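Single-structure report; data block below.
The values are calculated or read from the model by the stated rules, or taken from the named source; none is laboratory data. Since the model is a prediction, treat every value here as computed from it, not as a measurement. Every residue, glycine as well, gets a Cβ built from its backbone with ideal geometry; the counts of neighbours run over all protein chains shown.
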Amino acid sequence: MTATRYLALYISLITLCTPALSGSMLSPDIIRKDFTQLYESLQSAHVDLYVSMSESDYDRAFRQTLERFTQPMPQTDVIAEFQRFVALGNVAHARVESAAAAFSDYLAAGGTMLPLSLRIQGDRAFVTDFFGDGPQPSPGDEIIRFNSEPTVAMLQRFRAHVSADTRLLANTQIEIQLPRLVWHAYGDRASFDVVLRNADGREVAMTIESVSYQVAQGAAGRHTSGLELSWSDREARVLPDGIAYLRPGPFYSTEGDDPWNTAGFRTFVDDAFGKFMEADSSRLLIDLRNNPGGDASFSDLMIAWLADRPFRFYSEFRVRVSPEAEASNATRLVGDDVHWVSRAYAREFASRKDGETFSFEMPFVQPREGQRFQGDVYVLVNRHSYSNAVTTAAILQDYEFAVVLGEETADLASTLGAMEHFTLDETGIRVGFPKAQIVRPNGDATRRGVIPDLQIQTPRIEGKEDPVLKAALALINNQGR
């Protein structure tokens, strides 16, 4: 992902977050009270709080953290500490939502950021783009030391602030959230000392100056190297070799005020398949790389063109009843246009005891009536395919509607999700939690991403020629021989 796309995606994600709260100092009593509420609410509402960390270890971490709250603290520091505690559970859908919003407010007030984007592989970090002033590292340079610490220590600092089920997911979140994580882990700094290893194996020491978001945005706009892989564009075309290519874009509306209005997406998908069938295409590649996901009401419209039998996104969907989940769901029961799922949740919550879990049933989606695409289907994913894009790939793979190509997704096919929120009484800090265990259609509950049927490694630095897409098309052509 180039600097331009990196910044566009990062800032767009920030704008979806809850607005940050005041930057006031908080007393120890207020901090301890809300921290206690935080843990008690997670114990009440989280579908499986101790899936990765034992209850005794989590209790110990709670006591140790609580004991540290003896002095007044800025609210931004409290938010960071609360997120570190929630992140101990290693569940992506349990997180302090106010953390990203606090950083957004910091940038808006003139704060600065590290002008780098990175590719994280294991415990190694490689520069992919630079959008600052002064000395410029080259794409592909490996960070050996960061502020006098080895890279592994830098990454440990970042991961402490990241809610993630797996190391791969944590690494991709570092790639997306790097400016905020640097701010949380190292504070407000004017510059950073780094040691880089270049392509020749030489180590080079360099000081990288922090820049404002405006400077970074301007530098990103001037940046022209690397692959510009959009996360928002929709594309449908027939390639010269007859392969139909569909890049559906996000599974929500990017036009108008209602992000969940499917009308425009339905028209796009129907027109795309009409074009493919008119061209008599017998092979289709669906590109879900760098797709942020969205809602199944969109992706189902696409899958219905391919399906030869009813489908749905799960084999098991178990929901935990709690006052927090019921209250969060109640916020969606306002007005005349209430989704049937929210009403169904409300009925279940009202008829069951807190702490109980139940199986939530959703109808199967039917294949499209009339014409459907009858050719061979392939779907291309990468580590930055997220949310409903991963669910879509899992459906296509598990029902054998398509062959999956690419690299393993960092986001999970079976997950703790169906996220809800509660707000802490004293500080107003907003916290997300998963109320459900969702198992992919094939019944494999392992918390892991979609593993492609045919692997394609993504280069550390992707050139403008899009080597992964070229490799995918070559595989498809070879499959047809």
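So how many residues does segment 120-168 have that are charged (D, E, K, R) and touching a Phe, Trp or Tyr at 6+ places or on another chain (Cβ under 9 Å)?
Adding up the residues that qualify gives 4.
Looking at the structure I just gave you, is PHE103 outside the structural domain of ARG145 (by TED's automatic domain parsing), touching a Ser or Thr at 6+ places or on another chain (Cβ under 9 Å) and touching a residue at least 40 places away in the same chain (Cβ under 8 Å)?
It is true that PHE103 is outside the structural domain of ARG145 (by TED's automatic domain parsing), touching a Ser or Thr at 6+ places or on another chain (Cβ under 9 Å) and touching a residue at least 40 places away in the same chain (Cβ under 8 Å).
Looking at segment 324-337, can you tell me whether even one residue there is surrounded by 17 or more Cβ atoms within 10 Å (Cβ to Cβ), under 25 Å from ALA410 (Cβ atoms) and of a type in the set (D, E, K, R)?
no
A quick yes/no check of all residues on (1) under 30 Å from LEU246 (Cβ atoms); (2) touching a strand residue (DSSP E or B) at 6+ places or on another chain (Cβ under 8 Å):
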{"position": "ARG312", "(1), (2)": "yes, yes"}
{"position": "ARG332", "(1), (2)": "no, no"}
{"position": "LYS353", "(1), (2)": "no, no"}
{"position": "ARG372", "(1), (2)": "yes, no"}
{"position": "ALA389", "(1), (2)": "yes, yes"}
{"position": "ALA394", "(1), (2)": "yes, no"}
{"position": "GLU400", "(1), (2)": "yes, no"}
{"position": "VAL403", "(1), (2)": "yes, yes"}
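Which one of these does GLU40 not meet: (1) surrounded by fewer than 16 Cβ atoms within 10 Å (Cβ to Cβ); (2) more than 28 Å from the chain's Cα centre (by Cα)?
(2)
When the residues of segment 52-66 are filtered to those that are outside any helix (DSSP H, G or I) and surrounded by 13 or more Cβ atoms within 10 Å (Cβ to Cβ), which remaining residue is farthest from the chain's Cα centre (by Cα)?
In this case the residue turns out to be MET53.
Within segment 420-438, is there a residue that is closer than 27 Å to GLY242 by Cα and not assigned by TED's automatic domain parsing to the domain that holds VAL51?
no
From the residues in segment 81-124 that are closer than 20 Å to THR423 by Cα, at pLDDT below 95 and in a helix (DSSP H, G or I), which one is nearest to the chain's Cα centre (by Cα)?
Result: ALA100.
Test each condition in (1) crowded, with 21+ Cβ neighbours inside 10 Å; (2) without any contact (Cβ under 8 Å) to a residue 24 or more places away in the chain for HIS184 and report the one that comes out false.
Evaluating HIS184 over (1) crowded, with 21+ Cβ neighbours inside 10 Å; (2) without any contact (Cβ under 8 Å) to a residue 24 or more places away in the chain leaves (2) as the failure.
Being more than 20 Å from the chain's Cα centre (by Cα) and either at pLDDT 95 or above or in a strand (DSSP E or B) (or both) is the requirement here; does ASP411 meet it?
no
When segment 133-142 is examined, which residues are found to be touching a Pro at 6+ places or on another chain (Cβ under 9 Å) and either crowded, with 21+ Cβ neighbours inside 10 Å or more than 19 Å from VAL211 (Cα to Cα) (or both)?
Across segment 133-142, there are no qualifying residues.
Of the numbered conditions (1) part of a strand (DSSP E or B); (2) farther than 15 Å from ARG318 by Cβ, PRO434 fails exactly one; give the number of that condition.
With (1) part of a strand (DSSP E or B); (2) farther than 15 Å from ARG318 by Cβ applied to PRO434, the lone miss is (2).
Among the residues of segment 455-479 satisfying the criterion of being closer than 22 Å to THR166 by Cα and touching a residue at least 12 places away in the same chain (Cβ under 8 Å), which is surrounded by the most Cβ atoms within 10 Å (Cβ to Cβ)?
Restricting to residues being closer than 22 Å to THR166 by Cα and touching a residue at least 12 places away in the same chain (Cβ under 8 Å), the top hit is ILE456.
Would you check if there is a residue in segment 348-366 being out of contact with any Lys or Arg (no Cβ under 8 Å at 6 or more places or on another chain), outside any loop (DSSP other than H, G, I, E, B) and either polar (S, T, N, Q) or within 20 Å of ALA472 (Cβ to Cβ) (or both)?
yes
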